[in-house]
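Bear in mind these aren't lab numbers, they're just calculated from the coordinates by the rules spelled out. This one's a predicted model, so the numbers in the text were calculated from it and none came from an experiment. Every residue, glycine among them, receives a Cβ derived from its backbone with ideal geometry; neighbour counts consider all protein chains shown.
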Amino acid sequence: MTGQHCVYLGMGANLGDRQGNLAQALQYIRARASVEKVSACYETEPVGYLAQPDFINLACSASTDLEPLELLAFLKQIEKRMGRQSTFRNAPRPIDIDILFYDDQVMESPELVIPHPRLHDRGFVLVPLAEIAPDLVHPVFQATAVELLARLDHTGVIGAARELILELGAEIRKGVPAAPLTLTRVGVTNLRRIIRIARASEENLFYAELDLFADLGYEQPEVSVSRFPDVMEEAADEVAQISYPDIETLTERLARLVVARQNAHRAEAHVRAVIPREKVAPVSRRSTQELFNLVGIAVSSPAQTKHVVGVEAEGVTVSPGAQEMVRDGSRSRLIEEGYPPAEADRILNLVPIASHSQRGRSTLMIGAEQPIRAEELVGIAESSMSCETFGRLSRPDELFVVEKAHRQPRSIGDVVRAMLQAAVERYVHLPDTAFVLARQVDLEGIHRHNAVAERYGALGEIRREMLSSQSLARHTTMQEWLEL
């Protein structure tokens, strides 16, 4: 089966805020189904086990692309999420959701029977069902919902006092908004999940933060906007259960889920994960675990997807300007003490020259159809700074790091240019249409500000500028490159 399927659901609750629970369940259902009609709420006495509070029941109709067993699993997940526990049959519960009809199908399996095998005997099901679908025909009994209801004594099914769900049903049925304006983006940010990436044939779990967005046309009903957080929660949960070979595949899956479930023109998924990396100290050879940030971005339309993968790494930068001033001052003092200028220069070339240093944070991002290894990007970013950092250093290691950093002073602009040059040389196989971004932030040590430098553009733009030594008036932005 393909396409959308018409389903009818019966819902009930008798623990906690009963109508509030029903409203919340409807919100969760919207993540995978378009709720079209919602009945009024009806208060009913319990069936089977009588020593429990009365129920509030309703029925709703919806369309979904889920197959019957997929729909059942989805509804059971909602029940579990809302606190329902496995106890005994007809026990009290904060929420109960049953599949009453699925198209005009008749099916029976150990997990699911459609139509619901007991709906024709239950007034608390037939009263709300007959309200929203009086002419719905039972495919087994060949009788409408109204006709089945007429055969029952349903005097104990009473309309609930509160009208919360009635108002919710009216909201669900709303059409297009009054102002015909497209929303550029609707989204949720800072979804926290543990994601699974298979590295070297081994599944690894990483902490990640997810930002998800969709571009919605004004012709889409307001429910597409209001249910977006629930849709995204469900998409994030689904993606977190599966292992992916790389960050590009994971972000593409997220973006495509948003497009499919929101009927969006375009969807955007951002994932920022913390990834461990083994490093060895330069002299002592001590092994230590370093962390870097892995960034993945995917933009999808119904027809295509674009990816960006990037890293954020830390290192040390040494100011070349300050070092030159210290060198000039030291040379003058040596000459004043009687050293010939050539001898003073020879001495200064033998020893590291002091300067102010600071921790730097490099970002390097590549957009391309071809897969990009994050470890390679980390290596480029770290080697572009004056020196990389290490978690554990002995005294000889510290000496090595300080001397290396001061023998390779680099400004923020130097670091950005070094990253771009290394990327051009490493990714010669990438087309000119690929994208690159390099950014350096220095967390200044002697100033009360941070310094930032950045360059981005199509890879062809970077290559042409390097070959011609002539600057371009305009650079392609990442947002422009991601447009589909």
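Rounded, prolate or oblate: which fits segment 5-172 when a ≥ b ≥ c are the square roots of the eigenvalues of the alpha-carbon gyration tensor, with rounded for a/c under 1.5 and prolate only if a/b beats b/c? Rounded, since a/c falls under 1.5.
Relative contact order for the chain: 10 percent, from Cα pairs under 8 Å spaced at least 6 residues apart, divided by residue count. Taking the helices alone, the chain has a mean residue ellipticity at 222 nm of -10500 deg cm²/dmol, built from -39,500 (n - 2.57) per DSSP H run of at least 4 residues and averaged over all its residues.
The lysines whose alpha-carbon is closer than 27 Å to the alpha-carbon of Lys279, local same-chain residues fewer than 8 away aside, are Lys404.
Neighbour counting of Cβ atoms within 10 Å sorts the residues Glu314, Glu444, Glu382, fewest neighbours leading, into Glu444, Glu314, Glu382. Take every Cα pair under 8 Å in segment 5-172 that's 6+ residues apart, average their separations, divide by the length, and report that relative contact order as a whole percent. Answer for segment 5-172 is 31 percent.
In a DSSP loop and with at most 16 other Cβ atoms within 10 Å, the chymotrypsin sites (Phe, Trp or Tyr not before Pro) in segment 18-70 are Tyr49.
Rounded to 0.05, the FRET efficiency of the Leu484 and His429 pair, given R0 = 30 Å and the Cβ-Cβ distance, is 0.80.
Placing +1 on the Cβ of every Lys and Arg and -1 on the Cβ of every Asp and Glu, with nothing else charged, gives the chain a dipole about its Cα centre of roughly 1240 debye. Mean projection of the Cα convex hull over all viewing directions, computed for segment 360-471: 8.3 nm².
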